[in-house]
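Worksheet: one structure, shown below.
The values are calculated or read from the model by the stated rules, or taken from the named source; none is laboratory data. Every value quoted in this text rests on a predicted model; they were computed, and no experiment measured them. Neighbour counts are summed over all protein chains in view; Cβ atoms, including those assigned to glycine, are modelled from backbone coordinates with ideal geometry.
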């Protein structure tokens, strides 16, 4: 990633949309976001689902009004391709830490044994978050305690491994595909898989390839974004409502649009099932989201501010 060196204050502009970025290994998610925000000269931006510096892959970035709809669109399961190294435990649970324990990996470890161990991890379970994580205790991130050599109690969290499969192996390393609930730590999963075999283990590599229904096909590399001109960079953006494009939709007429945009409830003629809806004008313009609690009344939830 090209370092950002600027001696002048850049003019920021309102930009709305979603960018599916292929985060490279190395920088943090926040640093990547800051760099892309700089490239687009965007006034407001956020990212969905932090990736560790050592991880690569799908990192949705939201700009402007799309940040209002990020939580709903990204509060979803995640899919990863993980490389697990058996025989070594590290201080951080991944390849960036110091090796603190080594054991030989049995040469007769069979593929059947590996499949059996992985199958045992499928389903609901609890997981203790790693010390090297951004979770907070008493106002401090856990990694701050870890860097100071302190170990603190962390309550176990409920997670679900929806699917886990062995994609390949060449001892001491395994390649696995994991579909898991939001909040699952793959570093911890790697260590737990090793422990189930009686071995230390750590996460050697990680790539996120899916967030909910979003897959990594066609995502934009940081190099492509850096090399593109201003118009091309904007062309990479998906619409404001792209993250919630599969939600049910309500279309409003001109008089209803005005009420909705002013945060007022709207009476609709059709009978609707109570739910949260995408709301569009007859022109196709996305207006925001609204909740139907009775069959004919739409209440605004998040109203889009349209650029003048």
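Brief remarks follow.
- Residue in the stretch 107-119 that is touching a helix residue (DSSP H, G or I) at 6+ places or on another chain (Cβ under 9 Å), part of a loop (DSSP other than H, G, I, E, B) and surrounded by 14 or more Cβ atoms within 10 Å (Cβ to Cβ) present: no
- Residue that is outside any loop (DSSP other than H, G, I, E, B), farther than 30 Å from residue 53 by Cα and touching a strand residue (DSSP E or B) at 6+ places or on another chain (Cβ under 7 Å), where the choices are 243, 272, 298: 298
- Restricting attention to the stretch 7-28, the residues that are under 28 Å from residue 79 (Cα atoms) and at pLDDT 90 or above total 12.
- Of all positions in the stretch 210-222, none carries a residue that is assigned to a strand (DSSP E or B) and over 22 Å from residue 60 (Cα atoms).
- Close pairs (6 angstrom Cβ cut-off, 6 or more residues apart or separate chains): touching a residue at least 40 places away in the same chain (Cβ under 8 Å) in the stretch 293-305, surrounded by fewer than 16 Cβ atoms within 10 Å (Cβ to Cβ) and not in a strand (DSSP E or B) anywhere: 300/263
- Among the residues of the stretch 45-80, those that are free of Cβ contacts under 8 Å to residues at least 60 places away in the same chain and more than 22 Å from residue 233 (Cα to Cα) comprise 53, 71.
- Any hit, the stretch 279-290, residues being on the phi > 0 side of the Ramachandran plot and touching a residue at least 40 places away in the same chain (Cβ under 8 Å): yes
- Complete set of residues in the stretch 275-294 that are surrounded by fewer than 19 Cβ atoms within 10 Å (Cβ to Cβ) and within 20 Å of residue 71 (Cα to Cα): 275, 276, 280, 291
- Pick from the stretch 192-209, criterion part of a helix (DSSP H, G or I) and buried (at least 18 other Cβ atoms within 10 Å of the Cβ), ranking: nearest to the chain's Cα centre (by Cα): 193
- Scoring residue 76 on the criteria (1) surrounded by 20 or more Cβ atoms within 10 Å (Cβ to Cβ); (2) modelled with pLDDT under 90 leaves a single failure, condition (1).
- The stretch 227-240: number of residues that are within 27 Å of residue 71 (Cβ to Cβ), part of a helix (DSSP H, G or I) and touching a helix residue (DSSP H, G or I) at 6+ places or on another chain (Cβ under 9 Å): 2
- Residues that are surrounded by fewer than 15 Cβ atoms within 10 Å (Cβ to Cβ) and over 19 Å from residue 91 (Cβ atoms), drawn from the stretch 138-161: 138, 139, 155, 156, 158
- Residue in the stretch 248-255 that is crowded, with 18+ Cβ neighbours inside 10 Å, in contact (Cβ under 8 Å) with a residue 12 or more places away in the chain and either touching a helix residue (DSSP H, G or I) at 6+ places or on another chain (Cβ under 8 Å) or more than 29 Å from residue 92 (Cβ to Cβ) (or both) present: yes
- Taken over the stretch 42-61, residues that are modelled with pLDDT of 95 or more and either assigned to a loop (DSSP other than H, G, I, E, B) or on the phi > 0 side of the Ramachandran plot (or both) amount to 1.
- Checklist (1) modelled with pLDDT of 95 or more; (2) at negative phi; (3) surrounded by fewer than 20 Cβ atoms within 10 Å (Cβ to Cβ); (4) more than 16 Å from the chain's Cα centre (by Cα) applied to residue 220, failing item: (4)
- Taken over the stretch 126-152, residues that are touching a residue at least 12 places away in the same chain (Cβ under 8 Å) and either over 19 Å from the mean Cα position of the chain (by Cα) or part of a strand (DSSP E or B) (or both) amount to 11.
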